[in-house]
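The values are calculated or read from the model by the stated rules, or taken from the named source; none is laboratory data. From a predicted model like this one, the values you see are computed outputs, not experimental measurements. Neighbour counts run over all protein chains shown; Cβ positions are idealised from the backbone, glycine included.
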């Protein structure tokens with residue numbers, strides 16, 4: 001799919017991987033629609049874009065809010081061609097810790113945002129993509145979800161996060177098969193350790209320890225590198241139903 005003039009909806013677009021994706025696609029001629037919480041810095045991200053875009057706040061777990069956000073995007077730009085799901089949270093907690101069993105409420109919250117939220121936006125965006133006129137390959141849209149290497153090598157305290165991201169990986173192929181008949185491709189990116197707000201609170205010692213586990217390049221990933229891969233997925237019509245690790249050959253240790 002040609003990125004130029006495409007309308008790209010990005011959840012979690014106010015920071016990190018989502019913000020970098022908005023900047024990357026805008027730089028190549030796309031129009032970015034940022035979906036994030038009202039308190040997010042998405043309005044500031046809009047100011048950095050080279051092409052016109054918009055911010056429409058929504059909680060990805062809310063059917064009503066996401067439906068309204070997508071309707072706002074359609075009202076302004078007429079259609080949606082690409083969806084990039086970057087919204088997510090991480091809560092670390094051992095299954096059994098010093099305070100007793102892990103909180104079921106916190107576990108459920110991570111699943112709700114990372115997995116159910118991803119599916120919620122995917123299904124609603126796909127319904128709009130189905131209305132698009134197909135290109136020469138019969139393609140109407142592209143959906144890119146975000147997992148994590150924790151889907152495969154979850155660390156101590158990552159039961160909830162790993163379960164949520166493992167679910168995103170597991171549903172990639174069936175959703176791609178579901179949407180094949182309307183010409184919508186679906187892929188997932190599984191980043192390793194990246195320079196995002198989620199890692200900004202770590203101590204320098206913790207950051208150095210993370211870098212030491214990455215074979216090459218021995219550094220944290222850049223959000224712009226995620227965005228580059230997202231754009232390539234959109235532009236390469238044979239990428240479908242696949243989860244792509246973006247991790248510098250990292251395999252996460254237990255802790």
From the options 210, 229, 239, residue that is in contact with a strand residue (DSSP E or B) (Cβ under 9 Å, 6 or more places away or on another chain) and part of a helix (DSSP H, G or I):
229
Test residue 74 against the criterion of being in contact with a strand residue (DSSP E or B) (Cβ under 8 Å, 6 or more places away or on another chain) and within 18 Å of residue 143 (Cα to Cα), and give yes or no.
no
Residue in the stretch 62-75 that is nearest to residue 30 (Cα to Cα), counting only those that are in contact with a helix residue (DSSP H, G or I) (Cβ under 7 Å, 6 or more places away or on another chain) and surrounded by 17 or more Cβ atoms within 10 Å (Cβ to Cβ)
70
Being surrounded by fewer than 20 Cβ atoms within 10 Å (Cβ to Cβ) and over 18 Å from residue 182 (Cα atoms) is the filter here, so list the residues in the stretch 114-144 that pass it.
116
Complete set of residues in the stretch 125-163 that are within 22 Å of residue 248 (Cβ to Cβ), touching a helix residue (DSSP H, G or I) at 6+ places or on another chain (Cβ under 6 Å) and part of a helix (DSSP H, G or I):
150, 151, 161, 162
Could you grab the pairs with beta carbons closer than 6 Å, sequence gap of 6+ or different chains, first residue in the stretch 97-123 and farther than 22 Å from residue 188 by Cβ, second one surrounded by fewer than 14 Cβ atoms within 10 Å (Cβ to Cβ)?
102/95
For the stretch 1-97, which strands (runs of 3 or more DSSP E) that fit wholly inside it have 2 or more residues that are under 15 Å from the mean Cα position of the chain (by Cα) and at pLDDT below 95?
none
Could you tell me whether residue 175 is touching a helix residue (DSSP H, G or I) at 6+ places or on another chain (Cβ under 9 Å) and crowded, with 18+ Cβ neighbours inside 10 Å?
yes
Please enumerate the residues belonging to the stretch 186-207 that are part of a loop (DSSP other than H, G, I, E, B) and buried (at least 16 other Cβ atoms within 10 Å of the Cβ).
192, 193, 195, 196
